[in-house]
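Colleague: Next up is a structure, given as structure tokens.
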Amino acid sequence: MASDMVIRTTGLVKDYDLGKTVVHALRGVDVCIAPGEMVAIMGASGSGKSTLMNILGCLDPPTEGIYELDGKRVESLSRDELADVRNSKIGFVFQGFNLLARTTALENVELPLLYDRSGRRLDTHALATEALQRVGLGDRLEHLPNELSGGQQQRVAIARALVTRPSVLLADEPTGNLDTRTSIEVMVLFQELNDQGITVLLVTHEPDLALYARRVVELRDGLVIRDAPLPERRRAADDLAAIPAEVS
């Protein structure tokens, strides 16, 4: 049944018509993600992984195929319906943090709640505070982004993604702008959130980061060439403990 999966795609195709040529970015992708999984989506540049992430994040419709999120087909929803899905069911974490520079950590995390159109009466301050506490920044609520380290800024971005309590967290190269130690600290957090039951999709081109997931889906030329659980999940906390404190 479709409802037992957070994400299910069937025959996803994405073509880009460039006039004289057509780029076949996805050529029929079938992927299923169960609740509570942590999956790394890998592939070289041009493999289709970013295209797949954009479709899964309801940022771009497929040319053909079926996409079900929480058992509901979304590939043919209207623009407003897709916006509601993005805001309520998907949490985004990007490489560049995308924080508002003149806005506190708390206010940055509150932002997705301000776009909630469900009619619910939300205590945005309390929900944002809880999300920041969850990522270990309960003492940084009033700090501006330039008063935070790169790792702390990414934690704010993760809290912002979590605040709407989404079905799935989509992380697109989330450590691309971070040094080695800070990257592992962020992966510790993703593993902790996953251990709490949050579904995490991690797009990365780094094989070392993929080892922190429970499963790897690899794309090449718009096709899935590998979809397999990892025999042993690497623990980011162990790797962090092995780094001397003075190394960054």
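The values are calculated or read from the model by the stated rules, or taken from the named source; none is laboratory data. Remember, predicted model here, so these are calculated numbers, not experimental data. Using ideal geometry, Cβ is built from the backbone for each residue, glycine included, and neighbour counts are taken over all protein chains shown.
Colleague: Would you pick out the residues in the range 84-133 that are of a type in the set (A, V, I, L, M), without any contact (Cβ under 8 Å) to a residue 12 or more places away in the chain and either more than 18 Å from Arg155 (Cα to Cα) or in contact with a Leu (Cβ under 9 Å, 6 or more places away or on another chain) (or both)?
Modeller: Hits for the range 84-133 are Leu114, Leu122.
Colleague: Return the pair list, or none, for Cβ contacts closer than 7 Å from residues in the range 221-241 that are among the aromatic types (Phe, Trp, Tyr) to residues that are at pLDDT 95 or above and not in a helix (DSSP H, G or I), at least 6 apart or on different chains.
Modeller: Every condition considered, no pair remains.
Colleague: If you check Arg73 against the conditions, is it over 19 Å from the mean Cα position of the chain (by Cα), among the basic types (Lys, Arg) and closer than 20 Å to Leu223 by Cβ?
Modeller: The answer is no for Arg73.
Colleague: Just for the range 1-40: of the residues that are buried (at least 16 other Cβ atoms within 10 Å of the Cβ) and among the basic types (Lys, Arg), which one is nearest to Ile225 (Cα to Cα)?
Modeller: Ranking the qualifying residues of the range 1-40, first place goes to Arg27.
Colleague: Is it the case that Val163 is surrounded by 22 or more Cβ atoms within 10 Å (Cβ to Cβ), β-branched (Val, Ile, Thr) and either modelled with pLDDT under 95 or in contact with a helix residue (DSSP H, G or I) (Cβ under 7 Å, 6 or more places away or on another chain) (or both)?
Modeller: So Val163 passes the test.
Colleague: Also, I was wondering about something else. Restrict the check to the range 228-243 and report whether at least one residue is under 30 Å from Thr10 (Cβ atoms), modelled with pLDDT of 95 or more and loosely packed, with under 15 Cβ neighbours inside 10 Å.
Modeller: The answer is yes, given that some residue of the range 228-243 is under 30 Å from Thr10 (Cβ atoms), modelled with pLDDT of 95 or more and loosely packed, with under 15 Cβ neighbours inside 10 Å.
Colleague: Something else about it: Taking interchain pairs and intrachain pairs at least six residues apart, which have beta carbon atoms under 9 angstrom, with the first residue in the range 141-157 and hydroxyl-bearing (Ser, Thr, Tyr) and the second part of a helix (DSSP H, G or I)?
Modeller: Close Cβ pairs (under 9 Å, with a partner that is part of a helix (DSSP H, G or I)) amount to Ser149/Thr182.
Colleague: Across the range 136-148, what is the total count of residues that are surrounded by fewer than 16 Cβ atoms within 10 Å (Cβ to Cβ) and outside any loop (DSSP other than H, G, I, E, B)?
Modeller: 2
Colleague: Filtering the range 67-121 down to residues that are more than 30 Å from Gly28 (Cα to Cα) and among the aromatic types (Phe, Trp, Tyr), which residue is surrounded by the fewest Cβ atoms within 10 Å (Cβ to Cβ)?
Modeller: In this case the residue turns out to be Tyr115.
Colleague: Restricting to the range 35-83, name every residue that is among the basic types (Lys, Arg) and in contact (Cβ under 8 Å) with a residue 12 or more places away in the chain.
Modeller: Scanning the range 35-83 gives a single hit, Lys49.
Colleague: Just name the residue that is farthest from Ser167 (Cα to Cα) out of those in the range 187-201 that are surrounded by fewer than 23 Cβ atoms within 10 Å (Cβ to Cβ) and β-branched (Val, Ile, Thr).
Modeller: Val188
Colleague: When residues of the range 23-80 are filtered for being small (Gly, Ala, Ser), under 20 Å from His205 (Cα atoms) and not in a helix (DSSP H, G or I), how many remain?
Modeller: 9
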